[in-house]
Amino acid sequence: MAHRGAAATEGLASGVWMLAKGVAGTVLVLVTVLLLRTATFPGPDELRGWGRTGRSRIPAQFSEAELTAMKEALKEAIRIPTVAFSSENINTTALTEFGEYIRKVFPSLFSTSFIQHEVVGEYSHLFTIRGSDPKLEPYMLLAHIDVVPASDDDWEVPPFSGLERDGFIYGRGTLDNKNSVMAILQAMELLLRRNYVPRRSFYISLGHDEEVSGKYGAQKIAALLESRGIQLSFIIDEGGYVMDDFIPNIEKPFAMISVSEKGGMNLMLQVDSAAGHSSAPPKETSIGILAAAVSRLEKTPMPNMYGEGTEKSLLEQLAGQFGFPMNIILTNLWIFGPIVRKILEKSPITNAMIRTTVAITMFNAGVKVNVIPPTAQATVNVRIHPAQTVPEVLEIIQNIVADNRVKYEVLTAFNPLPMSPYDNEAFGYQLLRRTIRDVFPEISVVVPGICIGNTDVRHYANISTGLYRFNPLYLNPQDFKGFHGINERISVKDYETQVMFLFELIQNADIEKIPTPHSAEHEL
């Protein structure tokens, strides 16, 4: 017995040794491949290959008086409370005042012969800027005038005060999205004062109801342009930023241009049951049934769609910004993909990038403390990943709830937009990269992303395939909380940079086509 046991032990040890040698050899080969792949993986997006146009450029240099005036103009715009509560409840008095205000602040825009101004849907504004070369396909700069409601509670300053404190301008709309409205108009006004005449025609579209669907603003402008047979090379809206400190251990900020955005669905869940006296409650009530249903929705995440969007390209291009071992992991997603898939689920923001999200936003039931309510309702806000559709997501929700007593009513729904091109031939994407290089020389990496919210640009899908979302601002997690939250603010320096960016971008767009890069760059 002892001998056989010793032989078995010896045989096992020999087998383990042979296995270890094999594993070691495999690991050695694998490590060699990983290191070689990491060493030869395309480096940061250096944004090279776009020389200056041959035309005489106007330098983005502003006097102190101009800088002060642009700052004060933004403050005054913030003080006009263009609040949108719903599609049918918008502060139209403020919207009218805002239209009068921009006429006063930007007189050149309203008096230049090659610029046409139209009011659409009563309160939205469309500017047509005719370029000198009709052969060049036009583009559009997009922003929205309306803001979400804000009360004075918890704000450090009144939300519509436009007060400046410690280098920041506070107020609703400083980030979302009057900053873009004013920066676009300001950049164009400054160019016109310097006798700029564009070569490429373009449009400036300012919607007045983006926060409540864009039904009467952007949607009407898009329909108007479509009826005129207009096709656009590209459109730029809000939704991407210079991301600062969003990803732990990354060495530098990076720019993210969103090339798609999520679809959306507002879904009403309802349970009907017999009313009764609370002194003799049934085993289950309408509230209890519905609460259990929405609890299952919260506890059961939608499928992880990692690899179906832009996240692989985004992570690979960011690999060089990390130290060991993350640089090896991100340059070898072919093997480490399952690990990264799990890591991305940990943060609410990165989790939203890789799956459809479901949020219970409203719950209504009951009329009296001693009455069992006959009806309970919950509203669910769903943001749909670009790899899924409304019917697919609705079916998943019904399978998770798995209760025939729950009824469904789709209040609103729209599918995600297709991915806009972001390769080396995509003019709009490359134009943004070029301008980022000009204005943010410290940024070495520009990545494609998915906007987890919704923007007005989705209404223009019939007249352009190049729908991009980028706002030239540094954004950190603390600033992100200001969107629809409290203490929304923008630094004076960031706003000046935003105006400069648009000043440069409008001139950069006058190039006829994308030059062949001087250096070989990998596919984005």
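Every number in this text was worked out from the coordinates using simple rules, so none of it is lab data. No experiment lies behind these values; they were computed from the predicted model shown. Cβ sites come from the backbone with ideal geometry, for glycine too, and all protein chains shown count toward neighbours.
What is the packing order of peptides 87-93, 370-376, 263-269, taking the mean over residues of other C-beta atoms within 10 Å and listing the highest first?
263-269, 370-376, 87-93
Work through the residues other than Arg103 whose Cβ is under 14 Å from its Cβ and net out their charges, Lys, Arg +1 and Asp, Glu -1.
Within the 14 Å Cβ shell, the charges total -4.
What aspartates and glutamates could a cross-link reach from Lys215, if we take a straight Cα to Cα line under 20 Å and drop same-chain neighbours fewer than 8 places away?
Glu88, Glu118, Glu122, Asp146, Asp176, Glu226, Asp237, Glu238, Glu261, Asp456
What do the square roots of 5 times the Cα gyration tensor eigenvalues come to for the stretch 262-414, in whole Å, largest first, as semi-axes of the equivalent ellipsoid?
Working through the eigenvalues yields semi-axes of 41, 15, 11 Å.
Report, for the stretch 117-239, the % of DSSP beta bridges that are antiparallel, rounded to 5.
60 percent
Considering only Cα-Cα distances, which of the following residue pairs are longer than 31 Å: Lys75/Lys135; Lys71/Lys481; Lys178/Lys220?
Going by Cα-Cα distance, Lys75/Lys135 fall outside the 31 Å limit.
Once you have the Cα-Cα distance between Thr350 and Val369, take 0.36 nm times their residue separation minus that, and quote the gain in nm to one decimal.
Length gained between Thr350 and Val369: 2.7 nm.
Find the relative contact order for the stretch 334-460 and round it to a whole percent, using C-alpha pairs within less than 8 Å whose residues are 6+ positions apart.
19 percent
Go through the stretch 352-366 residue by residue and turn each phi into a ³J(HN,Hα) via Karplus (6.51, -1.76, 1.60, θ = phi - 60°); whole Hz please, and just put x for glycine and proline.
Per residue, the Karplus-derived 3J(HN,Hα) values read 5, 6, 10, 7, 5, 10, 10, 10, 7, 10, 9, 9, 10, 5, x Hz.
Only one of the listed values, [x] 157; [y] 212; [z] 180, was derived from the coordinates as volume of the Cα convex hull per residue in Å³; which label is it?
Structure-derived value, by its label: [y].
For the stretch 143-273, just the Cα set please: Rg and Dmax, both in angstrom.
Computed over the Cα atoms of the stretch 143-273, radius of gyration and Dmax are 19.2, 71 Å.
7 Å from Cα along Cα→Cβ at both Glu118 and Asn327: what's the point-to-point distance in nm?
5.3 nm
Calculate how many DSSP beta bridges within the chain are antiparallel, expressed in % of all such bridges and rounded to the nearest 5.
Roughly 70 percent of the beta bridges in the chain run antiparallel, per DSSP.
Over the chain, what relative contact order in percent results from Cα pairs under 8 Å that are six or more residues apart?
24 percent
Under 17 Å from a point placed 7 Å out from the Cα of Ser86 along the Cα-to-Cβ direction: which residues of the stretch 405-426 have their backbone N that close?
Hits in the stretch 405-426 for Ser86 at 17 Å: 410-413.
Modelled label-to-label distance, Glu76 and Ser108, 7 Å Cα→beta-carbon offset: nm?
1.7 nm
Once the piece of chain linking Thr389 and Ile343 is laid out straight, how much longer is it, given 0.36 nm per residue of separation minus the C-alpha distance between them?
14.1 nm
Relative contact order of the stretch 262-414, please, whole-number percent, based on alpha carbon pairs below 8 angstrom and at least 6 residues apart.
For the stretch 262-414, the relative contact order is 48 percent.
Of Lys283, Lys493, how do they rank once you tally other Cβ atoms within 10 Å and put the fewest first?
With the fewest neighbours first, Lys283, Lys493 line up as Lys283, Lys493.
Please report how many Lys pairs in the stretch 262-414 have alpha carbons closer than 26 angstrom, counting only residues at least 8 apart along the chain or sitting on separate chains.
Counting lysine pairs in the stretch 262-414 gives 14.
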